[in-house]
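What follows draws every value from the coordinates through simple rules; no lab data is involved. In this text the structure is predicted, and so the values were computed from the model without any measurement. Quick reminder, even Gly has a Cβ in these numbers, built from the backbone with ideal geometry, and neighbours come from all protein chains shown.
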Ligand code: VGL
Ligand code: ZN
């Protein structure tokens, strides 16, 4: 039985930006490989939104802002443990731009996230303080959209957190072969367990259409 997207379903395409692609500052292995598949999947959805990681140059998640710290180490912030990253997706830079290879002209909205200096935001729905909303939940509610499908980068951070937040109010699917992971320090295993306990369903593109 194939899953057939309806007008009440939405595809959320997460962070397909140059800094997460090979050659970028926080490159995800194989990131480029999923773009044709994402385009093909998106063509099968009436409703598509894109997320865009969008940080000020002095963002708190950058290791460069914490003397003596290196990327992939962690620090404790008011809202909990924060992984430190190479500078990436600085607003207005090429690295923050959406990949030119994306061909989704019917995408309805671009949700920017991570623009508050003091707070990171992996999820397209809620910042890392777990309180501040991006507005995406309200968009789905006002549009009457019920099921959420997620693809993009990276499976163990922004895709995973987006799916987990979506699953709080929606039937939610991660299309695994249209996503790739960073997998630093056990992050993929942890995200997989967190997605499972949130009730996120993991499917492959072959399960659709
Ligand atoms: C992401 C780390 C930092 C992602 C964004 O898109 O998965 N990961 N910022
Ligand atoms: Zn980021």
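Here are a few things to note about the model shown:
- Every listed requirement among (1) part of a loop (DSSP other than H, G, I, E, B); (2) within 15 Å of ligand 1 (Cβ to nearest atom); (3) farther than 23 Å from residue 131 by Cβ; (4) in contact (Cβ under 8 Å) with a residue 24 or more places away in the chain is met by residue 27 save one, (4).
- Hits in segment 128-160 - residues which are in a helix (DSSP H, G or I) and surrounded by fewer than 23 Cβ atoms within 10 Å (Cβ to Cβ): 137, 138, 139, 140, 141, 142, 143
- For segment 84-102, the set of residues classified as closer than 21 Å to residue 11 by Cα, assigned to a loop (DSSP other than H, G, I, E, B) and within 13 Å of ligand 1 (Cβ to nearest atom) consists of 99 only.
- If you check 11, 41, 37 for being touching a residue at least 24 places away in the same chain (Cβ under 8 Å), in a strand (DSSP E or B) and away from ligand 2 (no atom under 13 Å from the Cβ), only one passes: 11.
- Residue within segment 137-153 that is within 15 Å of ligand 2 (Cβ to nearest atom) and in contact (Cβ under 8 Å) with a residue 24 or more places away in the chain present: yes
- Failed condition for residue 27, given (1) crowded, with 17+ Cβ neighbours inside 10 Å; (2) touching a strand residue (DSSP E or B) at 6+ places or on another chain (Cβ under 8 Å): (2)
- Failed item in (1) under 19 Å from the mean Cα position of the chain (by Cα); (2) free of Cβ contacts under 8 Å to residues at least 60 places away in the same chain; (3) assigned to a strand (DSSP E or B); (4) more than 15 Å from ligand 2 (Cβ to nearest atom), with residue 22 passing the rest: (3)
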